[in-house]
Structures are given as structure tokens and as C-alpha cells.
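Mind having a look at this structure? Questions to follow.
The values are calculated or read from the model by the stated rules, or taken from the named source; none is laboratory data. As the structure is a prediction and not an experimental result, all values here were calculated from the model. Note that each Cβ is placed from the backbone with ideal geometry, even for glycine, and that neighbours are counted across all protein chains shown.
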Amino acid sequence: MEIKITKTTQPKSMVSDDKLGFGKYFSDHMFVMDYDSDIGWHDARIVPFAYLSLHPASTVLHYGAEIFEGLKAYRRADGGVQLFRPMENIKRMNTSAERMCLPLIDENDALQILTTFVELEKDWVPHSFGTSLYLRPFMFGNDETLGVHTVHRATFMIIASPSGSYYAEGINPVKIMIEDEDVRAVRGGTGYAKCGGNYAASTRAGEKASRKGYSQVLWLDGVERKYIEEVGAMNVMFKIDGEIITPALTGSILPGITRKSCIEVLKNKGYKVSERLLSIDELTDALENGRLEEAWGCGTAAVVSPIGMLSYKDKEYPVNGGKIGAITQELYDTLTGIQWGKIEDSYGWVYKIDN
């Protein structure tokens, strides 16, 4: 694929690693590519970062025809830059696109686009451990009509944001409220796709939890309101009686790449891991009888986030004495060690941008 590159004539000043935060600053360039149903994808280009101009009737503004991904570029100790399992993000992006009736992108072309873009922006990858260049590929429909139909025109873009460590004050357990009114997604819907509507639908419950002093919510399924699904915008795992349980991917849960990596690491280390339905009754019974040993969320932004307290129907249950568990810490150390090049990647997950 030919990618035209137009470099900025007004480069931005770099931000020090300790002031980055998340998603507040953006690199000098962005990738853009257009789609028309009669000719396919065309005009692949990297251009200076800028605002967009959209027709007021653009499909994305009225019917939410959009998807996105999230992955990171990491700075190794030797100064090189690498990605973590980028093909998994590319495959999931196409799965999301198919669900939202958006055009798919050839996987090899997508990898070329991603690596070309990161190579150009590699100076924006921060150097401190725990920091990264967060990459946000996204696609949206932009037909200039109010008719509801399969998208005929679309745009694919990538922007990048240098981001600080998710845990500014250490990897501390968080308090989570189990939500039994709002639901995030339903089977047969868009729960397994990474689209904005899923996140917008989760905001109200998240705000309610925040007002009550909790960091996020633990979702129940949208049909029976009985089975555990995700925690906030992450997948979730529990250790009960020595068994590590994560909700099965039934169609309403996002198939997380960190989730997949955690499962592979845990199995490789000899732990019993089950992907199955886990009811709220089974979970609360384990909480009440002290059989829940650890619980954690897992996702790209945080890697793992230990859960120190669960609340259900206004009753609070401490988890592991409110402390991070040994397996949670082991997962965090293993995955971050591979991502930042501190330990050997025996799984073949790292994709080096340069040597």
C-alpha cells in the first residue's frame, strides 16, 4: 500500500513524562484513509494533526456508525520501540467493523499503516517505565445523507497520545459497585464490538457509582441480570477456591486482548482457568464465605486493576483484605515486563518497530 506522508512544519513541544496524564496531548501527525463503496479504500496519507470537517448529515453524527481500537507503543530500555500483539487489535477492529456494517481493512495493509505511522511518531514515545504512546485507530461512516442504510462512505484514522503511567501512586486496589439496574450490552447487540455506543451507555451507572465513592461498576448481563460480565470498560477475573474464573464470551462482552494474554500467561504458569458463566449468586456466596481470594480487571490502559472491595445492594464485601493479590501482581509484572522489554517475550507477542 502506498502511504503519502506530509510532515508538519510546526512541530509541537514534547511534554515531560511526569505531566502526561492520559489522552490530554497529541502527537504531530494523524493517519487518514477514505473509503467509497465503488472503489474501496483509497488515498492513504499521514498529515499534520488537525481538526476535521464533516457534513452536518454525516452518518456517524446521527446513527453512531463508528468503531475504535486502543493499543500502545512502548519504549524499551535500549531505546527501541515496540507494539504488543497489534494483529489482535487489527482482527478485533475488523470484527467490530463487520458488526457495524463498516468496511473491513486488509490485515496486512492495516499493520503496514500502523507501523508506518508509529515509525514517523516514534520520538513521541515517552521513555519512563509505565508510560507509552497510546494509539487510537478509529473508523466512522460519513455518508452525506439522513437515510439509514449500509455505509457507502467511510474514513479510517489513527491518532496518538503520549500517556503517563496509569498508576501514578502505585497499583492500588479499587472499590467496585455491582450494578443491577442499567446494563452495558445484550447478546445479539454490539457488546462484542468496540464501538462508542457501548461506552456512552455505561456512563450513567459509572457516574452513580462515583457519587457513592466507588471507582467503577461491575456489570450484570442484560437479559437475566444474573451473570457477571465486565468491570467498567475492562474484562474481569476472579480467583475462587483456587480456580480463576472469567466470564465466557457470549457475545455481549468485549474479547479483550489483555484478557486473552492473561489467560495464556496463567495457563502457562499452571493455574486452572475457566471461561464460563459466573452468577451474582455464586459470586456473593464466595464473598460471604471467604472463598473469593482475588479479583481484578484487565485491559489495555491499566493492564490489571486489583479489586479491593465489591458492593452489592448496599452491602460491602472486602476482597483479599483490600490488598493486591499475588496472582494479580504476578500478571502485572509479567505483562508489563514483556511490553516494556524488561523480560523475555517467550510468547512471540512483541512486534518491534525498529531494532
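With the checklist (1) buried (at least 21 other Cβ atoms within 10 Å of the Cβ); (2) touching a Leu at 6+ places or on another chain (Cβ under 8 Å) in hand, flag the one item residue 161 doesn't pass.
In the conditions (1) buried (at least 21 other Cβ atoms within 10 Å of the Cβ); (2) touching a Leu at 6+ places or on another chain (Cβ under 8 Å), residue 161 misses (1) alone.
For segment 186-215, which residues satisfy the criterion of being touching a Leu at 6+ places or on another chain (Cβ under 9 Å) and either of a type in the set (Val, Ile, Thr) or free of Cβ contacts under 8 Å to residues at least 60 places away in the same chain (or both)?
Step one: filter segment 186-215 for residues touching a Leu at 6+ places or on another chain (Cβ under 9 Å), giving 191-194, 198.
The one that is touching a Leu at 6+ places or on another chain (Cβ under 9 Å) and either of a type in the set (Val, Ile, Thr) or free of Cβ contacts under 8 Å to residues at least 60 places away in the same chain (or both): 198.
All but one of (1) among the charged types (D, E, K, R); (2) touching a helix residue (DSSP H, G or I) at 6+ places or on another chain (Cβ under 6 Å); (3) surrounded by fewer than 21 Cβ atoms within 10 Å (Cβ to Cβ); (4) not assigned by TED's automatic domain parsing to the domain that holds residue 303 hold for residue 182, so report the exception by its number.
All conditions are met except number (4).
Given 148, 118, 125, which one is among the aliphatic types (A, V, I, L, M) and either over 27 Å from residue 20 (Cα atoms) or without any contact (Cβ under 8 Å) to a residue 40 or more places away in the chain (or both)?
Checking each option against the conditions leaves just 148.
For the subset of segment 127-144 comprising residues that are surrounded by fewer than 23 Cβ atoms within 10 Å (Cβ to Cβ) and more than 18 Å from the chain's Cα centre (by Cα), which member is farthest from residue 340 (Cα to Cα)?
By that ranking, first place goes to 144.
Yes/no matrix, rows are residues, columns are (1) in a loop (DSSP other than H, G, I, E, B); (2) at pLDDT below 95:
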residue: 21; (1), (2): yes, yes
residue: 31; (1), (2): no, no
residue: 50; (1), (2): yes, no
residue: 73; (1), (2): no, no
residue: 89; (1), (2): no, no
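Looking at residue 107, is it in contact (Cβ under 8 Å) with a residue 12 or more places away in the chain, under 14 Å from the mean Cα position of the chain (by Cα) and either within 22 Å of residue 1 (Cα to Cα) or surrounded by 18 or more Cβ atoms within 10 Å (Cβ to Cβ) (or both)? Full working, then the answer.
On the way: in contact (Cβ under 8 Å) with a residue 12 or more places away in the chain: yes; under 14 Å from the mean Cα position of the chain (by Cα): no; either within 22 Å of residue 1 (Cα to Cα) or surrounded by 18 or more Cβ atoms within 10 Å (Cβ to Cβ) (or both): yes.
For residue 107, the condition - in contact (Cβ under 8 Å) with a residue 12 or more places away in the chain, under 14 Å from the mean Cα position of the chain (by Cα) and either within 22 Å of residue 1 (Cα to Cα) or surrounded by 18 or more Cβ atoms within 10 Å (Cβ to Cβ) (or both) - is not met.
Answer yes or no as to whether residue 113 is in a loop (DSSP other than H, G, I, E, B) and either crowded, with 19+ Cβ neighbours inside 10 Å or among the hydroxyl-bearing types (Ser, Thr, Tyr) (or both).
no
In addition: Please work out which one of (1) farther than 14 Å from residue 109 by Cβ; (2) modelled with pLDDT of 95 or more is the condition residue 42 fails and give its number.
Single failed check for residue 42: (1).
Now for a different question. Taking helices (runs of 4 or more DSSP H) that do not extend beyond segment 245-355, which have at least 1 residues that are at pLDDT 95 or above and over 24 Å from residue 172 (Cβ atoms)?
In segment 245-355, 257-268, 280-288 are the helices (runs of 4 or more DSSP H) which contain 1 or more residues that are at pLDDT 95 or above and over 24 Å from residue 172 (Cβ atoms).
Quick check on segment 235-264: of everything there that is surrounded by fewer than 22 Cβ atoms within 10 Å (Cβ to Cβ) and under 15 Å from residue 193 (Cα atoms), which residue is nearest to the chain's Cα centre (by Cα)?
Of everything passing the filter in segment 235-264, 255 is nearest to the chain's Cα centre (by Cα).
Just for segment 200-220: of the residues that are of a type in the set (Ser, Thr, Tyr) and in contact with a strand residue (DSSP E or B) (Cβ under 9 Å, 6 or more places away or on another chain), which one is surrounded by the fewest Cβ atoms within 10 Å (Cβ to Cβ)?
My answer is 210.
Something else about it: When you look at residue 287, is it in the same structural domain as residue 181 (by TED's automatic domain parsing), touching a residue at least 40 places away in the same chain (Cβ under 8 Å) and either within 29 Å of residue 224 (Cβ to Cβ) or in contact with a Cys (Cβ under 7 Å, 6 or more places away or on another chain) (or both), yes or no?
In short, no.
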